[in-house]
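A short write-up of the structure that comes next.
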Amino acid sequence: MQQDIVQLGAAVLRAKAKPIEVFNTVVLAQLIEKLLCTVTESNGVGLAAPQINQSVCVLVIASKPNQRYPNAPLMLPVVMINPSFQTLSTNMAIDWEGCLSIPGIRALVPRFTQIKVIYQDVNGDSQQLELTDFPARVFQHEYDHLAGLVYLDRVQTNQDIIADTEFFKLIEPT
């Protein structure tokens with residue numbers, strides 16, 4: 001049950017998402033199912049609830065190689081409710097990002113390379129997960145959606161924004 005993905009310009013992408021307060025509900029289970037299905041069907045590596053027009057603090061990271069991210073590492077999808085994070089290192093890396101809500105372009109974005117994520121699972125139980133490199137980048141990208149930010153807000157210069165077609169030329173094996 002893939003959902004339409006909200007596009008840049010929709011107010012929900014600029015709103016601060018509300019925390020989930022009640023767990024183990026049919027509504028929450030349906031939201032999670034929609035997120036997981038939509039991220040898979042859209043060849044995404046992560047998706048936040050505001051992107052499917054639900055302004056609540058739920059996101060999924062699901063890194064895997066696909067058409068949009070052929071070099072992504074494989075990891076099992078993780079659903080995170082009411083997440084927060086701490087940096088484990090001040091090291092940052094600048095790398096390419098795209099967004100299902102902003103199709104057709106990529107940009108170079110600085111992100112922390114090592115983080116610890118604290119979140120609640122579907123039962124409301126507290127969980128922790130350490131993420132590095134690409135999965136850490138994906139989490140920070142999705143986390144920004146919960147704060148009403150998009151990756152273009154983090155670009156250092158507009159010259160770091162390119163078309164998807166140019167991005168794929170850059171990553172083609174030579």
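The values are calculated or read from the model by the stated rules, or taken from the named source; none is laboratory data. Being a predicted model, the structure only gives us computed values, none of them experimental. With ideal geometry, Cβ positions are generated from the backbone for all residues, glycine too; neighbour counts draw on all protein chains shown. Keep in mind that these areas ignore ligands, DNA and RNA; they rest on the heavy atoms of the full protein, side chains included. Shrake-Rupley method; radii C 1.70, N 1.55, O 1.52, S 1.80 Å.
Sorted by accessible area with a 1.4 angstrom probe, largest first, how do Leu76, Leu8 fall? Before the final figure, lay out each step's value.
Details: Leu76 140, Leu8 85 Å².
Accessible-area ranking of Leu76, Leu8, largest first: Leu76, Leu8.
For the chain, the Cβ-based charge dipole about the Cα centre amounts to some 180 debye (Lys, Arg positive; Asp, Glu negative; other atoms uncharged). Taking the alpha-carbon centroid of each part, what is the distance from the stretch 107-126 to the stretch 15-44 in angstrom? With the stretch 107-126 and the stretch 15-44 each reduced to a Cα centre, they are spaced 16 Å.
Note on Ala11/Ile171: beta-carbon distance plugged into 1/(1 + (r/R0)^6) with R0 of 22 Å gives a FRET efficiency of 0.10.
Here the ratio of the Cα radius of gyration of the stretch 1-54 to 2.2 N^0.38 Å is 1.14.
Shape descriptor for the stretch 20-110: Rg over Rh equals 0.98 (Cα atoms; Rh from the Kirkwood inverse mean 1/r). The residues of the chain present an accessible area of 51 Å² per residue when probed at 1.4 Å with all protein chains retained.
Solvent-accessible area assigned to carbon and sulfur over the chain amounts to 52 percent, based on a 1.4 Å probe. The Cα atoms of the chain cover 49, 35, 28 Å along the three principal axes, with the biggest extent listed first.
Comparing mean-square fluctuations of Thr132, Thr90, Thr38 from a GNM of the chain with C-alpha springs under 10 Å, the top value falls on Thr90. Each 5 Å bin from zero up to the one holding the largest Cα-Cα distance in the stretch 63-142 carries the following percent of pairs: 3, 14, 23, 24, 19, 12, 4, 0.
Answer rounded, prolate or oblate for the stretch 129-172, using the Cα gyration tensor with square roots of eigenvalues a ≥ b ≥ c: rounded when a/c is under 1.5, else prolate when a/b is larger than b/c, else oblate. Judged from the Cα gyration tensor, the stretch 129-172 comes out oblate (a/c at least 1.5, b/c at or above a/b).
Cα convex hull, the stretch 66-113: 126 Å³ per residue, rounded to a whole number. The relative contact order of the chain, computed from alpha carbon pairs under 8 Å that lie at least 6 residues apart in sequence, is 24 percent.
Between Leu36, His141, Leu74, the Cα set farthest toward the positive side of the dipole of the chain (charges on each charged residue's Cβ, about the Cα centre) is that of His141.
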